[in-house]
1. Which ³J(HN,Hα) values in Hz, rounded to whole numbers, follow from the phi angles of the range 44-49 under the Karplus curve 6.51 cos²θ - 1.76 cosθ + 1.60, where θ = phi - 60° and Gly and Pro get x?
2. Would you mind computing, in nm to one decimal, how far apart the modelled labels at Glu48 and Asn31 are, each placed 7 Å from Cα along Cα→Cβ?
Amino acid sequence: MDFFNFGRCTRWILVDETGKTIGRIAAFINNKKAFNEAVPTGGCGFFECIDNTAASTILFDQAKKWLQMHGMKAMNGPINFGENDMWWGLLVDGFTRPFFGMNYNPSYYKKHFEQYGFVVKYEQISNKVNCRNGLPEKVMKIANDIRFLASGPRSGLGEISLPENEPGSSI
């Protein structure tokens with residue numbers, strides 16, 4: 001899906017007085033989603049910044065200003081400009097090697113977003129299971145429950161075993 005058929009995006013890089021890159025941010029409007037909120041809402045994301053509140057404020061202000069110039073009244077972030085299945089939110093706790101589509105952020109990012117005024121809309125949780133030694137019993141139980149729920153005459157999956165008939169039973 002080509003986001004640019006139904007949205008707009010721009011990005012900035014912040015450099016210090018020596019020309020060294022110290023941050024970046026993108027701002028975007030997804031016309032399919034911007035007007036589904038209480039007020040027109042754009043997004044910011046692909047945020048990277050040194051641990052410097054002044055620098056992060058400059059980046060957030062730039063994204064906010066651009067969104068306001070394009071009619072947005074609110075800004076969600078950090079999000080991406082596509083679907084919300086990848087690169088959304090901050091991973092600030094429980095660091096492991098990230099999987100594809102997962103963020104991996106320095107823990108100080110949370111402070112920068114909160115100091116600017118962002119509030120947590122929802123928390124995402126990710127889990128890691130080492131499958132090299134088999135799946136944990138709990139995971140297998142869930143999988144079997146799902147398989148049982150999906151079984152039936154039309155599904156072609158699963159099987160129900162009934163106990164043998166008792167003597168005198170009509171079943």
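Laboratory data are not the source of any read-out in this text; all were calculated from the coordinates shown. In this text, all values refer to a predicted model and were calculated from it rather than measured experimentally. Every residue, glycine as well, gets a Cβ built from its backbone with ideal geometry; the counts of neighbours run over all protein chains shown.
1. With the stated coefficients, the range 44-49 comes to 10, x, 6, 7, 9, 7 Hz.
2. Label-label distance for Glu48 and Asn31, simple model: 3.1 nm.
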